[in-house]
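The structure appears below as structure tokens.
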Amino acid sequence: MEFRGLKYQYQILKEGINAAVLQVMSDADFISGRQVAELEKQLAEYVGAKHCITCANGTDALTLALMAWGIGEGDAVFVPDFTFFASAEVVAYEGAVPVFVDVEENTFNISPRSLELAVQAVLAEGKWRPKAVIAVDLFGQPADFIRIREIADKYGLLVLEDAAQGFGGRIGERKACSFGDISATSFFPAKPLGCYGDGGAVFTDNDAWAALIRSYQVHGKGSDKYDNVRLGINSRLDTIQAAILQVKLQAFREYELEAVNRVAEHYASELGGVVKVPSLMNGVYSGWAQYSILLALEEERDGLREFLLKKDIPCMIYYRKAMHEQLAFKGMSCVTVDLSVSEELCRRVLSLPMHPYLEEVEQRKVIEAVKEYIVSLRK
Ligand SMILES: *Cc1c(COP(=O)(O)O)cnc(C)c1O
């Protein structure tokens with residue numbers, strides 16, 4: 001059984017992917033080939049954003065947003081405490097201070113209440129300027145952007161959507177990657193839409209920011225690559241990756257997104273009474289980057305993990321450590337609010353196999369194993 005189904009997916013999409021890759025090889029147009037521009041157009045149209053700028057990975061996508069906004073020393077950027085390291089790493093790397101915010105137990109996403117408390121605490125302390133909030137669409141569910149936007153407007157914060165895990169999610173009819181003033185995603189292979197290496201993209205409706213990001217990503221180019229008007233980085237999506245993503249985007253739109261949602265429904269209906277299954281906000285649709293359940297206690301979580309692995313059922317712990325506990329942030333981050341939900345989730349969370357090609361028998365095997373373990377605990 002596969003955790004993310006990448007081998008299985010390749011067998012299904014093989015013909016299209018092989019042809020797409022070979023085309024790039026024979027064109028020898030490896031950097032900024034036509035597939036890159038085509039993909040950017042398709043992605044922008046799909047998510048409903050005016051601009052899409054592809055880049056080398058999701059971390060760079062976040063960094064490019066912060067660069068376009070000129071975020072640096074003296075600025076506070078609010079980041080959920082329960083997320084992948086990169087969400088906050090980029091903030092500290094730019095010289096700004098990541099201020100950690102607690103999350104909601106039900107959705108795993110940033111808590112609007114905790115966000116407001118953190119902003120007020122930073123204002124009261126007067127050491128940093130509250131500048132932006134990075135809201136993560138964790139495990140595939142969009143963050144609560146309606147309430148985040150209200151708070152951002154009240155305190156003059158920019159909103160950066162970290163949709164590295166969010167591609168395909170929706171709130172009502174509106175799609176992930178369109179909720180931020182700038183939104184960033186990742187095409188790391190295991191993400192909802194993944195390529196065959198590293199890749200990422202930035203989305204925005206703002207013409208000026210889009211132009212700045214296009215400059216920053218190619219060595220701060222002016223009229224061309226050899227006219228350099230600012231210091232930038234080198235962060236582009238390879239043509240081969242763009243060509244692969246074109247094939248995968250089609251499968252994603254046509255059936256993969258619906259297929260993962262069917263798996264999620266099956267898990268929820270069978271496991272809902274056994275463990276705490278993920279809940280979605282009203283009117284929200286998830287891309288199910290992960291299917292993460294909560295056990296009652298850390299010992300039960302660790303026990304279930306062992307039990308599943310022994311049965312050759314892959315499972316993962318996302319995440320074991322809250323951001324504010326990461327050694328790398330010592331002395332360069334800031335905690336102003338209670339972060340106990342994040343700490344608690346780190347002890348109790350476990351992610352089950354989830355992908356569009358997970359067969360019915362495999363789903364049943366996972367469900368039966370979880371049930372068997374929970375029943376054994378009650379004895
Ligand atoms: C994967 C991920 C990133 C970073 O993406 P890369 O493409 O690996 O650089 C950032 N934020 C979150 C929430 C992620 O899951």
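Summary table below
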item: For E173: the one exception among (1) more than 16 Å from the ligand (Cβ to nearest atom); (2) in contact (Cβ under 8 Å) with a residue 12 or more places away in the chain; (3) not small (G, A, S); result: (2)
item: Residue check for G197: open to solvent by 10 Å² or more (accessible area, probe 1.4 Å) and either in contact with a His (Cβ under 9 Å, 6 or more places away or on another chain) or closer than 24 Å to E2 by Cα (or both); result: yes
item: Conditions (1) outside any helix (DSSP H, G or I); (2) out of contact with any Ser or Thr (no Cβ under 9 Å at 6 or more places or on another chain); (3) closer than 12 Å to G169 by Cα; number of the one not met by L280; result: (2)
item: Scope region 1-31; condition outside any helix (DSSP H, G or I) and touching a Ser or Thr at 6+ places or on another chain (Cβ under 7 Å); matching residues; result: D29, F30, I31
item: Tabulated pairs, region 354-379, first among the hydroxyl-bearing types (S, T, Y), second open to solvent by less than 40 Å² (accessible area, probe 1.4 Å) and not in a helix (DSSP H, G or I), C-beta under 6 angstrom, 6+ apart or interchain; result: Y357/G5
item: Residues of region 221-269 satisfying the condition of being assigned to a helix (DSSP H, G or I), acidic (D, E) and open to solvent by 70 Å² or more (accessible area, probe 1.4 Å); result: E254, E258, E265
item: Odd one out for D312, checked against (1) of a type in the set (D, E); (2) farther than 13 Å from M1 by Cα; (3) in contact (Cβ under 8 Å) with a residue 40 or more places away in the chain; result: (2)
item: Qualifying residue in region 158-166 (condition: over 14 Å from N57 (Cα atoms), within 16 Å of the ligand (Cβ to nearest atom), of a type in the set (D, E) and not in a loop (DSSP other than H, G, I, E, B)); result: yes
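Quick grid of which residues meet (1) open to solvent by less than 10 Å² (accessible area, probe 1.4 Å); (2) of a type in the set (V, I, T); (3) within 15 Å of the chain's Cα centre (by Cα):
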| site | (1), (2), (3) |
| --- | --- |
| A92 | no, no, no |
| N109 | yes, no, yes |
| V122 | yes, yes, no |
| K131 | no, no, no |
| F145 | no, no, yes |
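The values are calculated or read from the model by the stated rules, or taken from the named source; none is laboratory data. Please read these numbers as outputs of a predicted model, since none were measured by experiment. With ideal geometry, Cβ positions are generated from the backbone for all residues, glycine too; neighbour counts draw on all protein chains shown. Areas reflect the complete protein model, heavy atoms only, side chains present, ligands, DNA and RNA absent. Shrake-Rupley method; radii C 1.70, N 1.55, O 1.52, S 1.80 Å.
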